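Colleague: Structure provided below as structure tokens; questions to follow.
The values are calculated or read from the model by the stated rules, or taken from the named source; none is laboratory data. Remember, predicted model here, so these are calculated numbers, not experimental data. Cβ sites come from the backbone with ideal geometry, for glycine too, and all protein chains shown count toward neighbours. To get the accessible areas, we keep the full protein, side chains included, count just its heavy atoms, and leave off ligands, DNA and RNA. Shrake-Rupley method; radii C 1.70, N 1.55, O 1.52, S 1.80 Å.
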Amino acid sequence: MIEEFRGKINGMLLDEFEKEANAMKLTKAQREKALKLLEKRYKEYKINPGEAIGVITAESFGEPGTQMTLNIFHFAGVSELNVTLGLPRLIEIFDARKEVSTPIMEVYLKKPYNTDIKAVKKVAAMIKETKLRELAHEFLINIIKKQIEVVLNKGNMRNLGITEKFLFDALAVKLKKVKIRKASNGNVVLKPDLEEVSLKDVYKLKEKAKETFIKGIEGISQVLPIKQGNEFVILTTGSNLKDTLKLEQVDETRTISNSLFEIASILGIEAAREAIVYEAKKVITEQGLDVDTRHILFISDLMTATGRVKGVTRSGITGEKESVLARATFETPLKHITGAALAGEEDLLNSVVENVLLNQPVPLGTGLPGLVASMKKNE
Amino acid sequence: MSDIYLNEKFIGTVKDPIGFVNNVKTERRNGKIPKELNIYYDDKSDEVYIDTSKGRARRPLIIVENGVSKLTSEIKQGLEEGKITWGDLIERNIVEYLDAAEEENSYVALNEEELTKEHTHLEIIPSAILGITTALVPYANYSQTPRLNRGSKTQKQAIGIYTSNYLVRMDTDVNILHYPQTPLVRSYMHDISDYDKHPAGQNIVIALMSYEGYNMQDSIIINKASIERGLARSTFFRPYSSEELRYSGGLIDEIGVPDKDVKGYKSEHSYRNLEEDGIVSPEMRVEEEDVVIGKTSPPRFLGELEEFSIAANIRRESSSVVKHGERGVVDMITLSENEEGNKLVQVRIRDQRIPEVGDKFASRHGQKGVIGAIVPETDLPFTASGVIPDIIFSPHSIPSRMTISHLIEILAGKVGSLSGRYINGTAFESESEEDLRKELLSLGFRDDGTEKMYNGITGEEFKVTIFVGNIYYLKLRHMVANKLHARASGRIQLLTRQPIEGRSKGGGLRLGEMEKDCFVAHGASLLLKERFDSDKTILHICESCGMLAVVDSHKNKRFCPKCGNNVDISAVELSYAFKLLLDELKAMCVYPSLKLKSKYD
Ligand SMILES: [Zn+2]
């Protein structure tokens, strides 16, 4: 019987119906009744041809956007970790900015590690990026010898589990063209490996040395284990999905970042699409607003349809509009018009904006259907 | 080493910045350094800023030493007796002026009771932290800061008596309230600013309830009888001026009734109010577009050929006309000269503004709203003692805005009006709500300010008690009479052929981008086209090259300037603005070719 409805109702919906109907052990009559109801509802919920879903979606975000509060920072439990939220974040998502203003990861851990706080803290320490400045009391400049003496903070080193050997090995890798040796008083001596060392070089080296990466995952400046349900999750400031997922303790099925581009490049475009929905929903619910999920789904589909994440900007999906006039009315008209003139582009006037420009009925709603009449042929 | 900057310029460094700053302060108090100098140490950037420049906002604070205010009771007594002046306080280092930067280095106590050893200064009175208009808000410390901001903003828009010689002045856009009153609930700022001499509101009876759905959102119900008694009635004054300008070649403007052969002569009807001298007579009723000062000017440009033509030598009409959408009575006329010795005529028109639906009102707490209905007194609810409110205010305006001060003012106003005295509502130092409640109870009313009320239409008693009291209400400058606007057709812009903008010129109401989106979202495609039809034109297009063709219906000739006569030329309907865009593209050397297709193929 279900086959009768194929083509009338979405196939996925029918498959789901079949599964549910089997589970509920519906009789033939009940099935027929339910299918008829399903068909009716399905038709009701379908969007009519000529419905301006683009504008409705845009206004469905635009109007709540005006109500968003100016308190754009949300503190995730502790005040040390803050996240951009509200309108700035929403703009960031839909514009598909390459650089996220507050990159954040939610790192989930695999079974044995995620409940023991000690193990969680250990992983957190592994993830956190450590720079030389955190291991040093001070950086002294010896003007006569033209070298830098780093006074090490042994306590910090012990806390972070860094041995002296590890430190020297790391420095040797990271600091090129620098002579590294240990002084008799335990300080680390750094000297630029140049034939003529000027004081300026020493200053430069001092700034460079401070920021030298020693241990952890690059880009993760803060870690914060928090309890979610009955497991621990590590929130991080800074995002580096690639290296984090390599760790064996990390549950790669659940760990996410808020950077769309990182997700797209590491986990693929479908994951990025899902991330847009997740992030946009997070902003909207956090502000206490309500936007229908289908609007978010629609916009995320549009943004990822080409296989790459594209923002709603003139370089993104708006810039890919077919119509020259529509693109020119949005932003940078001169660029689009000269470009179109050089390429000899043609505008078929198929969409809304260009028809408004020419004062023609827009092909939407009442403007979409044409009148078809069959004329009697004169004898 | 900390850097020192004097008026933003680097002047040197110091080893002990805090000691240095304290030294400078001591020397300033000793009188060795001018008291106008302020110094500030920024510990974040480790820099010292000294400022002596003009235009800084500075405010006086009482100096505190070791947790003791230098304004002792002895000095207070001296002040009261008039033995000590403000100048003495500054001279004797009891009060000093701080600028915004130096305030950052200070620890200022709001009250004398909370002084500790760390404090460096004390506020003269707690509400000195507020500005002039904000300090005018009674019970200000009971409301959120944004509400205070709005409250002080609306007070600036209130109609009152801004100066007592307004009758002999020619200010633009003047509104005068007819029966202004001084507020019952006041703050110290009302006395300091001589508010009684230029009040801007009226004490009214207010009831917090809904009324027949006419006070939804922020709208208010107003008592018709109160309006007829003169509540919130105001007069609007607008001056018109005209002068006899002198031009090169001895030509001069002429104030007088223009002759009929003048270029741009309006109609005899427009000049009917003018006397022989070309100026309206006082107390004359004038309508929009009526001439109030008749004037003619010499012809503007004289070209070589036109110099001898009679037609070009005709003078131009340049009278002053009552603005579009305005009316009134001629109030005052002045005849004088300006700086260059030209004759100057000024005419002031007055127009009475009786409150009408849509006029904007506000209390002093940022609670603004427009009139939703004017209701006859007989239909309004009344209290057991027969009091009928002047204004009915929606209680829904309170919870989300949390303007507690608004509610306390109503209560305080009620006490004030019943006991016949002014209530002190100065922020932080006001009469307490508790005392007010006690006094209200002793006056024979419920202590929470509510009263039993009766439905004015049916006479039934309301099931709940209603909060009634007195409040100082302000009529704001925004009146519908100045804003009401509609247009069917009228002037258009020369360039785009679209309607001109602006109410005063009888312009159109713009259906903007977002309104367009609304039409699109509803799928109202043809309605949208009709709305944008204001500049539609018929263009004739050459089908071979796609450019504009020439159709001369006089000579019955149709041709394309490029392709000649033997081409198909079709007429299409387009917006003129698009034709303009095509022209501009051509000016950019872009060739926009239109490819035509029959709509019915
Ligand atoms: Zn042609």
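Colleague: Grab the beta carbon distance between B:ARG300 and B:HIS540, set R0 = 45 Å, and tell me the FRET efficiency rounded to 0.05.
Modeller: For B:ARG300 and B:HIS540, the calculated efficiency is 0.80.
Colleague: I would also like to ask the following. For the range A:130-215, with only Lys/Arg (+1) and Asp/Glu (-1) charged at the beta-carbon, what is the dipole magnitude about the Cα centre, in debye rounded to 20?
Modeller: Computed charge dipole of the range A:130-215: roughly 120 debye.
Colleague: Which cross-chain or sequence-distant (5 or more) residues have an amide H under 5 Å from the amide H of B:ILE220, H modelled 1.01 Å from N in plane?
Modeller: It is B:VAL370, B:ILE371, B:GLY372, B:ALA373, by chain and number.
Colleague: Let me make sure I get this right: for the range B:453-542, a, b and c are the square roots of the gyration tensor eigenvalues over alpha carbons, sorted descending. Under 1.5 in a/c it's rounded, otherwise prolate if a/b > b/c, else oblate. Which is it?
Modeller: Verdict is prolate for the range B:453-542.
Colleague: While we're here: Counting only protein heavy atoms and rolling a 1.4 Å probe, how much accessible area do B and A lose on contact, total for both sides, in Å² to 100?
Modeller: So the buried area, both faces added, is about 1800 Å².
Colleague: Under a point spin-label approximation (7 Å from Cα along Cα-to-Cβ), what is the A:THR332-B:ARG487 distance to one decimal in nm?
Modeller: It works out to 3.6 nm between the two label points.
Colleague: What net charge is computed for the residues neighbouring A:ILE337, neighbours being all others with C-beta under 10 Å from the C-beta of A:ILE337, Lys and Arg scored +1, Asp and Glu -1?
Modeller: 0
Colleague: When only C-alpha pairs under 8 Å and at least 6 residues apart count, what is the relative contact order of the range B:485-531, in percent?
Modeller: Values: 38 pairs, mean separation 12.2, N = 47.
It rounds to 26 percent for the range B:485-531.
Colleague: Using protein chains only and a probe of 1.4 angstrom, how many square angstrom of B:ASP552 are accessible, to the nearest 10?
Modeller: Accessible area of B:ASP552: about 50 Å².
Colleague: Something else about it: For chain A, what is the convex hull volume of the alpha-carbon atoms per residue, in Å³?
Modeller: It is 260 Å³ per residue.
Colleague: Follow-up question, since we're still on this one. Can you give me the solvent accessible area of B:ASP88 with a 1.4 Å probe, rounded to the nearest 10 Å²?
Modeller: 50 Å²
Colleague: For A:LYS376, go through the lysines and keep the ones whose alpha-carbon is under 22 Å away, minus same-chain ones fewer than eight residues off.
Modeller: B:LYS599
Colleague: Let me ask something else about it. Among A:ASN82, A:ASN153, A:ASN185, determine the one that fluctuates most according to a GNM of chain A built with springs between C-alpha atoms less than 10 Å apart.
Modeller: A:ASN185
Colleague: Express the carbon and sulfur contribution to the solvent-accessible surface of chain B as a percent, rounded to the nearest whole number, probe 1.4 angstrom.
Modeller: 51 percent
Colleague: Hey, what does the equivalent ellipsoid look like for the range B:236-353, semi-axes from the Cα gyration tensor as sqrt of 5 times each eigenvalue, largest first, whole Å?
Modeller: On the way: eigenvalues 159, 55, 22 Å².
Equivalent ellipsoid of the range B:236-353: 28, 17, 11 Å, largest first.
Colleague: Still on this model: Considering only A:PHE298, A:ALA328, A:VAL353, whose Cα is most displaced toward the positive end of the charge dipole of chain A, charges sitting on Cβ of Lys, Arg (+1) and Asp, Glu (-1)?
Modeller: A:PHE298
Colleague: Expressed as a whole percentage, what fraction of the accessible surface of the range A:293-370 belongs to carbon and sulfur atoms when a 1.4 Å probe is rolled over the protein heavy atoms?
Modeller: Roughly 59 percent, rounded to a whole number.
Colleague: Shifting gears a bit: Working out 0.36 nm times the residue gap between A:LEU37 and A:ASP201, then minus their Cα-Cα distance, what length gain in nm do you get to one decimal?
Modeller: 51.1 nm
Colleague: Treating cross-link reach as a plain straight distance, find the lysines whose alpha-carbon is under 26 Å from the alpha-carbon of B:LYS343, omitting any fewer than eight places away in the same chain.
Modeller: Partners found: B:LYS260, B:LYS263, B:LYS266, B:LYS295, B:LYS323.
Colleague: Shape call for the range A:1-40 from the C-alpha gyration tensor, a ≥ b ≥ c root eigenvalues: rounded (a/c under 1.5), prolate (a/b greater than b/c) or oblate?
Modeller: Oblate shape, in that a/c is at least 1.5 and b/c is the bigger or equal ratio.
Colleague: Subtracting the Cα-Cα distance from 0.36 nm times the residue separation, let me have the gained length for B:SER281 to B:GLU212 in nm, one decimal.
Modeller: Gain on extension, B:SER281 to B:GLU212, equals 20.1 nm.
Colleague: Over the range B:485-531, average the accessible area per residue using a 1.4 Å probe and give it in Å², no decimals.
Modeller: 71 Å²
Colleague: Ok, one more. Looking only at A:LYS33, A:LYS146, A:LYS43, which one moves most when chain A is put into a Gaussian network model with springs between Cα atoms under 10 Å?
Modeller: Per the Cα network of chain A with a 10 Å cutoff, A:LYS33 tops the list.
Colleague: Filter the cross-link list A:LYS208/B:LYS44; A:LYS122/A:LYS242; A:LYS321/B:LYS505; A:LYS282/A:LYS335; A:LYS281/B:LYS483 down to pairs whose alpha-carbon distance in this structure exceeds 30 Å.
Modeller: A:LYS321/B:LYS505; A:LYS282/A:LYS335; A:LYS281/B:LYS483
Colleague: Run the numbers for B:LYS266 and B:GLU429: contour at 0.36 nm per residue of separation, minus the present Cα-Cα distance, in nm.
Modeller: Length gained between B:LYS266 and B:GLU429: 52.3 nm.
Colleague: Between B:THR116 and B:ASN149, what FRET efficiency follows from the Cβ-Cβ distance if R0 is 35 Å, with the result rounded to 0.05?
Modeller: Efficiency at R0 = 35 Å is approximately 0.70.
Colleague: Okay, next question. Provide the percentage of antiparallel DSSP beta bridges, counting only those with both residues in chain B; round to the nearest 5. Let's see the in-between values first.
Modeller: Working: 86 of 103 bridges.
Looking only at bridges with both residues in chain B, the antiparallel portion is about 85 percent.
Colleague: Now for a separate question. At q = 0.06, 0.08, 0.09 Å⁻¹, what is the base-10 log of I(q)/I(0) for the protein assembly as shown according to the Debye formula with one equal point scatterer per Cα and no solvent? Please give it to two decimals.
Modeller: The Debye formula, applied to the Cα set alone, gives -0.87, -1.37, -1.42.
Colleague: Under a point spin-label approximation (7 Å from Cα along Cα-to-Cβ), what is the A:GLU270-B:PHE462 distance to one decimal in nm?
Modeller: Roughly 6.3 nm, to one decimal.
Colleague: Give the percent of DSSP beta bridges with both residues in the protein assembly as shown that are antiparallel, rounded to the nearest 5.
Modeller: Approximately 85 percent, going by the DSSP bridge assignments.
Colleague: Additional query: Which is farthest toward the positive dipole end of the range B:536-587 among B:VAL550, B:LEU580, B:HIS540, measuring Cα position about the Cα centre, with Cβ charges +1 (Lys, Arg) and -1 (Asp, Glu)?
Modeller: Most positive-ward Cα: B:VAL550.
Colleague: Continuing with the same structure: With the crude spin-label approximation of a point 7 Å out along Cα→Cβ, what separation in nm comes out for A:SER101 versus B:TYR422?
Modeller: 4.8 nm
Colleague: On the principal axes of its Cα set, how long, how wide and how thick is the range B:76-176? Give whole Å, largest value first.
Modeller: Computed over the Cα atoms, the extents are 54, 38, 26 Å.
Colleague: Let me ask something else about it. Per-residue counts of other Cβ atoms within 10 Å, averaged by peptide: what ranking do you get for A:8-21, A:55-68, A:86-99, highest first?
Modeller: Highest to lowest by the protection proxy: A:86-99, A:55-68, A:8-21.
Colleague: How do B:HIS396, B:HIS198, B:HIS190 rank by accessible surface area computed with a 1.4 Å probe, from largest to smallest?
Modeller: Highest to lowest solvent-accessible surface, that is B:HIS396, B:HIS198, B:HIS190.
Colleague: Over all directions, the average projected area of the alpha-carbon convex hull for the range B:536-587 comes to how many nm²?
Modeller: Its average projected convex-hull area is 3.8 nm².
Colleague: Also, I was wondering about something else. Enter the accessible area per residue of chain A (Å², integer; probe 1.4 Å; all protein chains in place).
Modeller: For chain A, the per-residue accessible area is 60 Å².
Colleague: Right, next: How would you classify the range B:82-134 from its alpha-carbon gyration tensor, with a ≥ b ≥ c the square roots of the eigenvalues: rounded for a/c under 1.5, else prolate if a/b is greater than b/c, otherwise oblate?
Modeller: Rounded shape, in that the Cα axes give a/c under 1.5.
Colleague: Can you give the charge dipole size of chain A about its Cα centre, rounded to the nearest 20 debye, using +1 on the beta carbon of Lys and Arg and -1 on the beta carbon of Asp and Glu?
Modeller: Working: 57 positive and 52 negative charges, 337 e Å.
Computed charge dipole of chain A: roughly 1620 debye.
Colleague: Tell me, what are the semi-axes, in whole angstrom and largest first, of the equivalent ellipsoid of the range A:130-215 as set by the roots of 5 times the Cα gyration tensor eigenvalues?
Modeller: 21, 13, 11
Colleague: Give me the mean projected area, in nm² to one decimal, of the convex hull enclosing the Cα positions of the range B:2-129. Walk me through the numbers before you get to the answer.
Modeller: Working: hull surface 34.3 nm².
Mean shadow area of the hull around the Cα atoms is 8.6 nm².
Colleague: Now for a different question. Buried by at least 10 Å² relative to the chain on its own: which residues of the range B:580-601 qualify, computing accessible area with a 1.4 Å probe on protein heavy atoms?
Modeller: Buried by 10 Å² or more upon assembly, which counts only protein chains, are B:LEU581, B:LEU585, B:MET588, B:VAL590, B:LYS595.
Colleague: Averaged over A:333-341, how many beta carbons belonging to a partner chain fall within 10 Å of each residue's beta carbon?
Modeller: On the way: counts 1, 1, 0, 0, 6, 3, 0, 3, 6.
Per residue, the average neighbour count from other chains is 2.
Colleague: So if I place +1 on the C-beta of Lys and Arg and -1 on the C-beta of Asp and Glu, and nothing else carries charge, what would the dipole magnitude of the protein assembly as shown be about its Cα centre? I want it in debye, nearest 20.
Modeller: My answer is approximately 3160 debye.
Colleague: Hey, another quick one. Which whole-Hz ³J(HN,Hα) couplings does the range A:207-219 yield from phi under the Karplus relation 6.51 cos²θ - 1.76 cosθ + 1.60, θ = phi - 60°, glycine and proline marked x?
Modeller: 5, 5, 4, 4, 8, 5, 7, 10, 8, x, 10, 4, x
Colleague: For the range B:536-587, please report how many Lys pairs fall under 21 Å Cα to Cα, leaving out neighbours fewer than 8 apart on the same chain.
Modeller: Step by step, the pairs that qualify in the range B:536-587 add up to 4.
Colleague: Hey, another quick one. Using +1 at the C-beta of Lys and Arg and -1 at the C-beta of Asp and Glu, which of B:SER2, B:PRO138, B:ILE50 has the Cα lying farthest in the positive direction of the dipole of chain B?
Modeller: Looking along the dipole axis, the top candidate is B:PRO138.
Colleague: Return the sequence-ordered ³J(HN,Hα) values of the range B:585-598 in whole Hz as given by the Karplus equation 6.51 cos²θ - 1.76 cosθ + 1.60 applied to θ = phi - 60°, using x for Gly and Pro.
Modeller: So the Karplus estimates, Gly and Pro as x, are 5, 4, 5, 8, 6, 9, 9, x, 9, 9, 9, 9, 8, 5 Hz.
Colleague: Right, next: Tell me, what is the FRET efficiency for B:SER385 and A:THR163 to the nearest 0.05, using R0 = 60 angstrom and their Cβ-Cβ distance as r?
Modeller: The calculated FRET efficiency here is 0.10.
Colleague: Compute the Rg/Rh shape ratio of the range B:474-601: radius of gyration over Kirkwood radius, all on alpha-carbon atoms. Each step should come with its number before you reach the end.
Modeller: Values: Rg = 19.9 Å, Rh = 17.9 Å.
Result: Rg/Rh = 1.11.
Colleague: For the range B:485-531, with equal point scatterers placed on the C-alpha atoms only and solvent neglected, what are the log10 I(q)/I(0) values from the Debye formula at q = 0.20, 0.22, 0.29 1/Å, to two decimals?
Modeller: -0.74, -0.84, -1.02
Colleague: Kindly write out, for the range B:473-481 in residue order, the coupling ³J(HN,Hα) from the Karplus curve 6.51 cos²θ - 1.76 cosθ + 1.60 (θ = phi - 60°), rounded to whole Hz, with x marking Gly and Pro.
Modeller: Karplus-based 3J(HN,Hα) across the range B:473-481 equals 10, 10, 8, 8, 5, 7, 10, 4, 4 Hz.
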